[in-house]
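To keep things clear, I will list the structure first and then write my remarks on it.
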């Protein structure tokens, strides 16, 4: 997530990813980056920053909070002069939200400054960090992002690009990096393309790199291509250069981008997110038809799937839940009590629509189950006769180590309970999930070729990860063994 944490045991909860945006060769580059980041604000709300260059110097402004708060003084943006800039919106975990972790990072060296922004999470960060510290490296943050620059410095004698290529082969996990030097912008994507990254072009011919295509639209950039796994993209005065730091690649895009994280108007590897979600809803209706009077969606990320479910099932699509537009997503709240209050601030049931009715509710995922429980209670309180909960993704049973930051299973409800036990806890009349096969079919990545799982990472549902887990392996296996032990104990009792 651009600053995952080096100590796996400390990571808790379902955290958002990060968003990156870069421009090279345009007037008021930092202003364009600001607009791009604004469109990517859904990917991170805890911190934001921009670094620009005028071809001689690099300039930085970053702080905690939403982008509009970070740049509430217009002078801060004006100060970031130059025709190239990169920016970052960050989601971190509680206790680590210090300004030291807000990106882009800016490193000043005698042989040239470099700025770095990162979306993703490294699975071998702890090991690399220890090695680097033992060799004398001093870290300014507790983010895994900094590791890359320390590695680059070890081989800088070979030149920056060769050193960067070597370093990108040392870091493992999910990563989309943007680097800015005074005379070029560099982008790199992990060998599985787990995090999305795309390239656009402005009318004047200059280039833009962004986490999602929706951010290209805001600056009127035309989509050029997705950055492919293992690619190193260099943009300078001579244009766009496509290189590779490895050719040992296999597409495994994070399926949660399509299920939940990305904006519905974004296109990732040729798939419009809204269309994929709508298809998830359609296939969910085929797999799990329910006897109900209406279908309602949990706003906002479930609305596309809900329209698909309603169309396929022939049930009317009603607005049974309303979302306040002034509250950030609930998992932003670090404590359970605040999260629970957050649900009530965020959602309310429409009594006049649901009273006396059998309601089918479509949501995109269940993580802890507390939000689902409150939604069911809310609808019953508003007079719903029956509440049938339908989830447009499979049960979230396994951790994510690539940037969603659920690296322990302790908070994953589906890791500990059967679907029937979950239904009882949530209080719904029925609970059903989309199958993994239908999820893969719904997304249907066109350039997946013969990649497993249709070119997607579905490890959160199956436990089959596209990469080794390195530093997370021991803790993960321990949690699996503990779970089996508890299951056996329960079975014997």
Residues (under 15 Å from residue 264 (Cα atoms) and touching a helix residue (DSSP H, G or I) at 6+ places or on another chain (Cβ under 6 Å)) located in region 291-305: 297, 301, 304, 305
Residue that is modelled with the lowest pLDDT [pool: residues in region 370-399 that are surrounded by fewer than 19 Cβ atoms within 10 Å (Cβ to Cβ) and in contact with a helix residue (DSSP H, G or I) (Cβ under 7 Å, 6 or more places away or on another chain)]: 370
Conditions (1) surrounded by fewer than 20 Cβ atoms within 10 Å (Cβ to Cβ); (2) closer than 27 Å to residue 220 by Cα; (3) modelled with pLDDT of 95 or more: number failed by residue 65: (3)
Unmet criterion (only one of (1) farther than 23 Å from residue 359 by Cβ; (2) modelled with pLDDT of 95 or more) for residue 402: (2)
Wholly enclosed helices (runs of 4 or more DSSP H) of region 419-490 bearing at least 2 residues within 25 Å of the chain's Cα centre (by Cα): 436-443, 459-462
Of all residues making up region 130-160, the number that are closer than 15 Å to residue 471 by Cβ and either out of contact with any helix residue (DSSP H, G or I) (no Cβ under 6 Å at 6 or more places or on another chain) or not assigned by TED's automatic domain parsing to the domain that holds residue 104 (or both): 4
Hits in region 71-93 - residues which are outside any loop (DSSP other than H, G, I, E, B), surrounded by fewer than 23 Cβ atoms within 10 Å (Cβ to Cβ) and touching a helix residue (DSSP H, G or I) at 6+ places or on another chain (Cβ under 9 Å): 76, 77, 78
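Scan 120, 55 and give me the residue that is under 20 Å from residue 187 (Cα atoms), modelled with pLDDT under 95 and out of contact with any helix residue (DSSP H, G or I) (no Cβ under 8 Å at 6 or more places or on another chain).
Values: 55 fails: modelled with pLDDT under 95.
Result: 120 is the single residue among 120, 55 that is under 20 Å from residue 187 (Cα atoms), modelled with pLDDT under 95 and out of contact with any helix residue (DSSP H, G or I) (no Cβ under 8 Å at 6 or more places or on another chain).
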Region 35-52 - residue that is modelled with pLDDT of 95 or more and surrounded by fewer than 24 Cβ atoms within 10 Å (Cβ to Cβ) and, of those, nearest to residue 99 (Cα to Cα): 41
Conditions (1) free of Cβ contacts under 8 Å to residues at least 40 places away in the same chain; (2) crowded, with 18+ Cβ neighbours inside 10 Å: number failed by residue 226: (1)
Selection status of residue 98, at pLDDT below 95 and surrounded by fewer than 18 Cβ atoms within 10 Å (Cβ to Cβ): yes
Residues of region 449-459 satisfying the condition of being surrounded by fewer than 21 Cβ atoms within 10 Å (Cβ to Cβ) and in contact (Cβ under 8 Å) with a residue 60 or more places away in the chain: 449, 451, 452
Among the residues listed as 209, 171, the single one being in contact with a strand residue (DSSP E or B) (Cβ under 8 Å, 6 or more places away or on another chain) and more than 30 Å from residue 135 (Cβ to Cβ): 209
Region 400-422, residues that are buried (at least 18 other Cβ atoms within 10 Å of the Cβ) and farther than 30 Å from residue 143 by Cα: 422
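The values are calculated or read from the model by the stated rules, or taken from the named source; none is laboratory data. This one's a predicted model, so the numbers in the text were calculated from it and none came from an experiment. When we count neighbours, we look across all protein chains shown, and the Cβ atoms used for this are built from the backbone with ideal geometry, even at glycine.
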